[in-house]
Structure formats: structure tokens, C-alpha cells
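Visitor: Before I ask anything, let me first share the structure, which is written out below as C-alpha cells.
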Ligand code: AMP
């Protein structure tokens, strides 16, 4: 695997690849890699000649400096995983390579910016679009692969790509889970043994809502989901929403594509998860 830490050296290398008409698949990450990340690399591998992964813990998307400081950084293990996962190129820049001092960024990304995750993490999606815009400009991928795990992020990046006419095709990949249902996440490292058990209530609740899904009883489903999560010790819900997958506003019985999304603190660790209740649009 070729490893680059500067955009100039990566850019030169990728230009030579593009000159031979090879396609580039891109998987942006913040590292602390797990099987979920590797599944994105695998999917990129299937439809592209070269696969680029970036590992960059992006400061501008953290509204809580403590959360940024605490974010797991495991670069040695990550490199081993990527080599095993057949990744061709790793881009692992320092912050100074991506940002100048005092950079300002604001993009109109629609009201979804302020809903659900946006409400609990003000400015988060401005930071996400800022770094993804920069990474897309550096890598210039044909296709970029993101997880459904961060569904709202995928929606907002899609909005940006459309609005700015960026020449990249986005692919949303399924959520990889542990055998007991917990969605894989870099943050799971922080869960204590007790937290790890309590965290199962999130996927259990989503599964229950999916199994009992009825368009006539969305309020009842949400009420029962809220009850299930709030009765789990050590778990504090930020939101559980049954939403229109196109707008993230609460769904009605007539909404075409419906998704249930949850965010909760489990012990000191904030986790998110989701499941489609009716087909993706
Ligand atoms: P992160 O490193 O957490 O920023 O995630 C990088 C990419 O991996 C994002 O597109 C995530 O949605 C995706 N991802 C994270 N967890 C999973 C998972 N359990 N299954 C599939 N994709 C995931």
C-alpha cells in the first residue's frame, strides 16, 4: 500500500493513475478502523481499479473539544488492516495539510443540517461538508463510499454533491454489525463491559420497530421505542425518530421511504444507529 501525508504527493500519484484511464474509488474515514470500514473498501474494490482510503480525524466537525481529544487514534493497527483489506493507497495527512489557520466555511446544505444529529451537534455537518469537499478535490474520485450507519451524513453529502455539481458518484453501503446486533463503530472501544450489554437496546429497539412496523401506528411505535430505550439502565436517549428518509422530518402514514434513527449516550459514549422501515427511495 502506498501511504501519502501531503496532498501534493498524493495528487501527483493519482494523476498518473487517471492518465492511464483507471478509475478511483474513495473511502473517507477517521480511522480506528473496523470491519465496517473494510466493507466499504471491499465495495470500492469491486467497481474501481484503485482504492484510496483517507484517515483524518477532522477537527472542524467536532463541537466538543473533549470529544475530539478522546477520539480513538490507532494508525499502526489501521495500516495493517488496510493492507489486509487490499487497499491501494492511504492518505493520512496532518491537520495543517488540510486547513489554513482561521479558515471560514459555510455551505447552504438545507434544513436537514439542523435536524436530529444537527440539533445535538451544532455545526457538525458544516465541518463534515468542509472536509469532504476538500478531500473530494484532492482525490477526485470516480466513486465515493459511505456507510448507512451515518445516514444523515450521506444525505447531506449527496445534497452538497448535487448542489455543487461535483463529478463523483456516491454509494451508500449497509451497516455492519457485531454478531449480537450492535452496529460497529470506532467509538465502541470506549464502552465498558456493562455499557456494551446496555448498548444492545439500540439495535433491539430498531429491530422491534421494524418487526412491528405499521404505517397506521407510527406514534405508537415511537412511544414504545422511547419506553424501551428509557427503561434500559445506563442509556440516555438523545432522540428516537421515525422519519421521512428524504427530509428527516417525522414520517406520516403516506411517507414513501421511512427510516428509524436513534442516538443515545451509553455510559459516556454517544452511539447512533438506524434501520429502513420501508424501502429506500
Ligand atoms: P468514520 O470513520 O466513523 O467517520 O466512518 C467512515 C465511514 O465508515 C463512514 O462512511 C461511515 O458511515 C462508515 N461506517 C462506520 N461504521 C460503519 C458500519 N458499522 N458499517 C458500515 N459502514 C460504517
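Visitor: In degrees, nearest 10, range 0 to 90: what is the angle between the Cα axis of helix 218-230 and the longest Cα principal axis of the chain?
Guide: Here the helix axis deviates by roughly 80 degrees.
Visitor: A follow-up question, please. Report, in whole Å, the centroid distance computed from the Cα atoms of the range 69-90 and the range 1-61.
Guide: 12
Visitor: Quick one: divide the alpha-carbon radius of gyration of the chain by 2.2 N^0.38 Å and tell me what you get.
Guide: With N residues counted in the chain, Rg over 2.2 N^0.38 Å equals 1.02.
Visitor: Report, in degrees rounded to the nearest 10, the 0 to 90 angle that the Cα long axis of helix 35-47 makes with the longest principal axis of the chain.
Guide: For helix 35-47, the angle is close to 60 degrees.
Visitor: Same structure, new question: Sort 30-37, 249-256 by the packing proxy (mean of other Cβ within 10 Å over each peptide's residues), most packed first.
Guide: 30-37, 249-256
Visitor: Which translational diffusion coefficient, to the nearest whole µm²/s, is obtained for the range 211-272 from the Stokes-Einstein equation, given a Kirkwood hydrodynamic radius over C-alpha pairs, 4 °C and 1.567 mPa s?
Guide: Value of D from the Cα-based Kirkwood radius: 105 µm²/s.
Visitor: Right, here's the next one. Most fluctuating residue of 141, 93, 28 in a GNM of the chain with Cα springs under 10 Å: which is it?
Guide: Its mean-square fluctuation being the largest, the pick is 93.
Visitor: Continuing with this model, one more query. Please give the helix 151-163 orientation as an angle from the longest Cα principal axis of the chain, in degrees from 0 to 90, rounded to the nearest 10.
Guide: Value to nearest ten degrees: 50.
Visitor: Still on this structure, I have one more. Quick check: residue separation of residue 189 and residue 96 times 0.36 nm, minus the Cα distance between them. What number comes out in nm?
Guide: Extra length from residue 189 to residue 96 when fully extended: 30.8 nm.
Visitor: Another question, if that's okay. In the chain, what % of DSSP beta bridges are antiparallel (nearest 5)?
Guide: 50
No value in this document is a laboratory result; all are computed from the given coordinates. Not measured: the values here are computed from a predicted model. A quick note on method: Cβ atoms are made from the backbone with ideal geometry, for glycine too, and the neighbour counts reach across all protein chains shown.
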